[in-house]
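Comments concern the structure below.
The values are calculated or read from the model by the stated rules, or taken from the named source; none is laboratory data. Since the structure is predicted, the reported quantities are computational estimates derived from the model, not experimental observations. In this analysis, Cβ positions are derived from the backbone assuming ideal geometry, glycine residues included, and neighbour counts consider all displayed protein chains.
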Amino acid sequence: MEADQKKHWETVYETKTPDQVSWTQEVPQTSLDLIAACGLPKSAQIIDIGGGDSKLVDCLLAMGYENITVLDISAKALDKAKLRLGDKAKSVTWIVSDVTTFEPTFTYDIWHDRAAFHFLTTPAQVEKYLSIVSKFVNGFLIIGTFSENGPLKCSGLHIQQYNETTLSNAFKIGFSKIQCLTENHTTPFNTTQNFLFCSFKKIG
């Protein structure tokens, strides 16, 4: 299953440009605002889950954040981001991994995930994800998924929609909800996708 997923995403990033995939954002403002709202110093350890060739890392570097990790199942996606960043890429940690088999070597202050969690459609996958964040996040979680008004599929794959209650309940053990908001994301081909973002703080 993991091999099939990896093959799927490698093909997507090998054959499509940013203006041919729905998730592209020139400036991921909602994510940036939620990260800034955590109020952590620029030395905070931040990981972007399923970051692909997202420009979140570009923006965080420009804002002065010093310890950024980007994880994606697709090596080709990360290669695109590295190429775009040039020398700046050397200051970022890049990890090729399926998030459900990710084995962090230290804890993160901010775990950001826009549109990776909703691809986990079985209880076993969700359980693995929750186990990882419970052990390796010591500060904040920021999770963005398709809302109940969003698509049922992305890139040809089924996703799990969430509302504020179901997303909050997913992380209720170990985390307290800070806020949830919805966002209409306009894709490069002028369609609209409704996202739900929730931020959480580690308890204890």
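A few notes on this one:
- Annotation note: of LEU61, LEU78, the sole residue that is out of contact with any His (no Cβ under 7 Å at 6 or more places or on another chain), hydrophobic (A, V, I, L, M, F, W, C), in a helix (DSSP H, G or I) and surrounded by fewer than 22 Cβ atoms within 10 Å (Cβ to Cβ) is LEU61.
- Number of the exception - ASP53 against (1) in contact with a Leu (Cβ under 9 Å, 6 or more places away or on another chain); (2) at pLDDT 95 or above: (2)
- Boolean, SER97 is of a type in the set (Gly, Ala, Ser) and exposed (fewer than 15 other Cβ atoms within 10 Å of the Cβ): no
- Among (1) part of a loop (DSSP other than H, G, I, E, B); (2) among the hydroxyl-bearing types (Ser, Thr, Tyr); (3) buried (at least 18 other Cβ atoms within 10 Å of the Cβ) - the single one THR121 does not satisfy: (3)
- Positions within the stretch 159-173 being over 17 Å from the mean Cα position of the chain (by Cα) and touching a residue at least 12 places away in the same chain (Cβ under 8 Å), in sequence order: ASN163, GLU164, ILE173
- Single residue of GLY150, GLY144, GLY204 found to be part of a loop (DSSP other than H, G, I, E, B) and under 24 Å from GLN5 (Cα atoms): GLY150
- Selection status of ASP113, closer than 22 Å to ASP4 by Cβ, out of contact with any Phe, Trp or Tyr (no Cβ under 6 Å at 6 or more places or on another chain) and in a strand (DSSP E or B): yes
- Unique residue being within 25 Å of ASN67 (Cβ to Cβ), in a strand (DSSP E or B) and modelled with pLDDT of 95 or more when the list is SER176, SER134: SER176
- Conditions (1) assigned to a loop (DSSP other than H, G, I, E, B); (2) surrounded by 14 or more Cβ atoms within 10 Å (Cβ to Cβ); (3) at pLDDT below 95; number of the one not met by VAL27: (2)
- Filtering the stretch 35-58 to residues that are among the hydrophobic types (A, V, I, L, M, F, W, C), surrounded by fewer than 21 Cβ atoms within 10 Å (Cβ to Cβ) and either part of a helix (DSSP H, G or I) or touching a Cys at 6+ places or on another chain (Cβ under 7 Å) (or both) leaves ALA36, ALA37.
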